[in-house]
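The values are calculated or read from the model by the stated rules, or taken from the named source; none is laboratory data. A quick note: this is a predicted structure, and the numbers were derived from the prediction, not measured. Neighbour counts run over all protein chains shown; Cβ positions are idealised from the backbone, glycine included. We work out accessible area using only protein heavy atoms, side chains counted, and drop any ligands, DNA or RNA first. Shrake-Rupley method; radii C 1.70, N 1.55, O 1.52, S 1.80 Å.
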Amino acid sequence: MIILYFLHELSHDIFLFAVGAAMGLHLIQRISLLLLSFTCGSWSETLRNGSPPNIIIMLMDDMGWGDLGVFGQPSKETPNLDRMAAEGMLFPNFYAANPLCSPSRAALLTGRLPVRNGFYTTNAHARNAYTPQEIVGGISKDEILLPQMLRKMGYVSKIVGKWHLGHRPQHLPLEHGFDGWFGAPNCHFGPYNNSFRPNIPVYNNSQMVGRYYEEFGINVKTGESNLTQIYLQESLAFLRDQASTQHPFFLYWAVDATHAPVYASKHFLGRSQRGRYGDAVMELDYSVGVILKELRKLGIAQDTFVFFTSDNGAAVMSGPNQSGSNGPFLCGKETTFEGGMREPAIAWWPGHIPAGKVSYQLGSVMDLFTTSLALAGLPPPDDRAIDGLDLTPVLLNSSLINRPIFYYRGNEMMAVRVGEYKAHYWTWSNSWEEFNKGINFCPGQEVAGVTTHTQKEHTMQPLIFHLGRDPGEKYPISVLSSEYQAVLQHISPVVEQHKKDLVPGMPQLNMCDLAVMNWAPAGCEKMGKCLKAPKSQPWKCDWPH
């Protein structure tokens, strides 16, 4: 059935494109804004007469666009996610705000590009930066996060899983609007010997309750770990508690089994045709099914908006047993090619979002901030630039809103998408030095002059691709063609306006120090798990990619 919907929506999209060509883009923008204001007004009216909906954001880690059966994965091992799409709305054109985990997550929770919210580095040009244990910075106290806003409407908010916006006390979730947390501040890298680098702590609210590879086992050799099951049970307990109190809630389910080293529980190991990574996907798919079934069982499915997506593209540099599929798209995580930033995305809300719909809306994880606020009856903060759009007209009325997608890597805008066209102003996969060490961000996908190993500037003559005809970004449109000139004339003012309006935030990911690692998290003294930190010797972090 979902394939039939794809065909139906495709013909609808072609019709819209033809109308757009006849009417002109400016008129479409005006109509979009009128639809947006009308729908938002209607929705606010509804909210005043009843309670706002519960909100669940399911954020996967390094899961690729091509990992879901509904997006064509041949193994068809995601029946619950495929059913979620059949019951809800599928977004084939949905994007991360960055091709790396920490900046993308910061963007989701603030509705702002990482270059605005400070989750980038200026140590070198166009470098990916994140929050390893040695990072000094984290999410700024000046940023306003989604749970802080939702609290105004009485929401109770919990994060289950990976935080990744800083691990020092002032950066942790409960300091930024969340009421509860079960999970870890960093990636589950390890195991470490606790002498030169401590194992990552796992928190229950504000107190450490163990460490990865110690109390919370991950067998790197076999891939066995019960963490996904633990995160599932934590989420179910939260749902049951909140259903009994009848307060609106926000659950941020940020599980990380598909991030290398990938893991799955014993029951799922060895089941997938895709190897260990597929095992992890199957367990996450099962967990999604359990959560949606629980919402129905509790009688709150029609009161709960659920959105499923990923933080960035599949980490194809890790190899097929430790990473997923980006479908037809070029390269993967850490790059601003489509494989690095286009994500699987599904919206589900029985009785509100029409079942089986496919939306070709250009979407971003930043939109989840603004959309969630709109659903709660709240306007976004008006004292700062917000990059996320309110997608309620798309979700509830199947509208389309004209907007660009900006592809950033560190402090540089690398590319922009407007409609079906994408213009690259800079290209870079990774350096020759890293590539010669065996780190390949585009295995089997080298495209001459595109997947460059030196930073290549194209600002005077950007590389332009039509993503409908060429989703793999293999065939740049000839600069001599009338199509190129027309597209460039349309895209250039969009980029110029963006750069003119951009006020970068203070970079938070410049400094590192071994002394700030997870040596003695809160609660370690109760467990006898406190470790001695080395002397503070800060340095400028080296970001090779």
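Check region 166-178 and report whether any residue there is at pLDDT below 95, of a type outside the set (Lys, Arg) and open to solvent by 40 Å² or more (accessible area, probe 1.4 Å).
Looking for residues that are at pLDDT below 95, of a type outside the set (Lys, Arg) and open to solvent by 40 Å² or more (accessible area, probe 1.4 Å), one finds none in region 166-178, hence no.
Of the residues in region 421-452, how many are of a type outside the set (S, T, N, Q), assigned to a loop (DSSP other than H, G, I, E, B), buried (at least 18 other Cβ atoms within 10 Å of the Cβ) and out of contact with any Lys or Arg (no Cβ under 8 Å at 6 or more places or on another chain)?
So the answer is 2.
Hey, any hits in region 112-128 for a residue that's over 27 Å from Lys422 (Cβ atoms) and of a type in the set (Val, Ile, Thr)?
No, region 112-128 has no match at all.
Say whether the condition of being out of contact with any helix residue (DSSP H, G or I) (no Cβ under 7 Å at 6 or more places or on another chain) and part of a helix (DSSP H, G or I) is met by at least one residue in region 300-313.
Among the residues of region 300-313, at least one is out of contact with any helix residue (DSSP H, G or I) (no Cβ under 7 Å at 6 or more places or on another chain) and part of a helix (DSSP H, G or I), which makes the answer yes.
Of all residues in region 471-512, which are without any contact (Cβ under 8 Å) to a residue 60 or more places away in the chain, part of a loop (DSSP other than H, G, I, E, B), surrounded by 13 or more Cβ atoms within 10 Å (Cβ to Cβ) and not hydrophobic (A, V, I, L, M, F, W, C)?
Within region 471-512, just Pro476 meets the criteria.
Every residue, every condition in (1) touching a Cys at 6+ places or on another chain (Cβ under 7 Å); (2) small (Gly, Ala, Ser); (3) open to solvent by less than 10 Å² (accessible area, probe 1.4 Å), yes or no:
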position: Glu134; (1), (2), (3): yes, no, no
position: Gly138; (1), (2), (3): no, yes, yes
position: Ile144; (1), (2), (3): no, no, no
position: Arg151; (1), (2), (3): no, no, no
position: Gly154; (1), (2), (3): no, yes, no
position: Lys158; (1), (2), (3): no, no, no
position: Gly161; (1), (2), (3): no, yes, yes
position: His164; (1), (2), (3): yes, no, yes
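Mind listing whichever residues of region 179-199 are at pLDDT below 95 and closer than 18 Å to Ala260 by Cβ?
Hits for region 179-199: nothing passes.
When the residues of region 365-386 are narrowed to those that are among the aliphatic types (A, V, I, L, M) and within 19 Å of Met153 (Cα to Cα), which ends up surrounded by the fewest Cβ atoms within 10 Å (Cβ to Cβ)?
The qualifying residue surrounded by the fewest Cβ atoms within 10 Å (Cβ to Cβ) is Leu378.
Name the residue that is farthest from Ala415 (Cα to Cα), counting only residues in region 87-106 that are in contact with a strand residue (DSSP E or B) (Cβ under 8 Å, 6 or more places away or on another chain) and among the aliphatic types (A, V, I, L, M).
Here the answer is Met89.
Note down all Cβ pairs under 8 Å where the first residue falls in region 183-208 and is in contact (Cβ under 8 Å) with a residue 12 or more places away in the chain and more than 21 Å from Cys101 (Cα to Cα), the second is charged (D, E, K, R) and open to solvent by 70 Å² or more (accessible area, probe 1.4 Å), and they're at least six residues apart or on different chains.
From region 183-208, the pairs are Gln207/Lys526.
Name the pairs whose Cβ atoms lie under 9 Å apart, with the first residue in region 107-124 and more than 18 Å from Pro380 (Cβ to Cβ) and open to solvent by 10 Å² or more (accessible area, probe 1.4 Å), the second of a type in the set (Asp, Glu) and assigned to a loop (DSSP other than H, G, I, E, B), and 6 or more positions between them or separate chains?
What qualifies is Asn123/Asp542; Ala124/Asp542.
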